[in-house]
Amino acid sequence: MSSDQWTDDEVEGLLKTIFIAVTLAGIGLYFFSPTRFRQQHQNQRQRLPAHQAAPQPILRPSRRPEQALAANHDNDDDEDGINYFLKTISRVPPHHASRSSSSRVSYDGVIPFRFTKAATYEAKNVSSNSNLSDGTDDILQNRKGRALILAKLFKKLDPPARGNMLVFSIPSSQISSDNGKLQRILFLLGTYYNVFVMVNCDDDVVAVANEGNNELTYNDYTDDKKRCNALIAKLYESDILTEEVLPSHRIVVTNSVASRVAFVRSFPKSPNYIIGVESERELQILLTKFGYKVILKNIDALIS
């Protein structure tokens, strides 16, 4: 046998060596390949909780610091300009006292009494109006008259504190034939409380219906508006009551009990008392069901 020929043992040993090398190479590729490392990294990221997730790349500002400061300063100027513009165009109610800002006094849809002109009207103007009282001390006389009205109105009841809300229901016939008593009552209470007035025109509507006219004048917007304005203006004919004490937008003309109930219930904050004439029994029953306090009195008897 020549030296160039392989023996069986050598061939067998060579094959074993090749097999072992291939096996090791396969194992090495399986455990140490870049693809497996990438897959393991992705699996680890998926298993991490949300608060341990890999950090996101930091976004660097596109502006330099001085540019950012300038931009913020411009935004502040814009906001100041907008606020100034809104203040200049803000509408202030006519009965609102100018000494305070209207943006801070709005409360449940009704301006508090202390922020109205009526709160200081008596002290500023009553002494210059001889029709308000016949005594030398007008303010003292008005205080006595107010105390008498409160004593008759809230008999066996605790009168509400100054600045609370009262709603009156007054027949239109009493406004038309009033000789100044109603205006004086509204003045004395309007300079002590937030007063609202509902004018009861139920009798006028019935009278028109009894004439055989099926189309009531209250269905005509023009006639309705003229009639309402005439009734409201009647309250200001004398020098006793002014719009500073009782603004005209606080007077509503109604033609049914349901409309008066709806008006009272429209207040976000319930009025302390609803005061009506003795014929408003139905109004008292309906409002009492909703928890309102209703007093029925003869308005003329409140003042002598």
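Read-outs throughout are calculated quantities, based only on the coordinates presented, and are distinct from any laboratory measurement. No experiment lies behind these values; they were computed from the predicted model shown. Here the Cβ positions follow ideal geometry from the backbone for every residue, glycine too, while neighbour counts run over all protein chains shown.
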Name the long-range amide H neighbours of residue 163: under 5 Å, sequence gap of 5 or more, or other chain; modelled H, no Pro or chain starts. 193, 194
State the extension gain, in nm to one decimal, for the chain segment bounded by residue 14 and residue 221, taking 0.36 nm per residue of separation less the distance between their alpha-carbons. 62.9 nm
What net charge do the residues around residue 272 carry, taking every other residue with its C-beta under 12 Å from that of residue 272, with Lys and Arg at +1 and Asp and Glu at -1? +2
Points 7 angstrom from Cα along the Cβ direction at residue 143 and residue 249: gap in nanometres? 3.3 nm
For residue 294, what residues show an amide H to amide H distance below 5 Å, using hydrogens built from the backbone and excluding near sequence neighbours? 274
Ordered by packing density, taken as the mean number of other Cβ atoms within 10 Å over each peptide's residues, highest first, how do 155-164, 14-23, 238-247 rank? 238-247, 155-164, 14-23
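What order do you get for 290-298, 277-285 when each peptide is scored by the mean count of other beta carbon atoms within 10 Å, highest first?
Working: 290-298: 14.1, 277-285: 16.0.
The packing order, highest mean first, is 277-285, 290-298.
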Would you mind calculating the gained length between residue 285 and residue 123 on full extension (0.36 nm times residue separation, minus the Cα-Cα distance), in nm to one decimal? 54.4 nm
Taking θ as phi - 60°, what are the ³J(HN,Hα) couplings along region 255-266 by the Karplus curve (6.51, -1.76, 1.60), each to the nearest whole Hz, with x for Gly and Pro? 10, 7, 5, 4, 5, 6, 4, 5, 5, 5, 6, 6
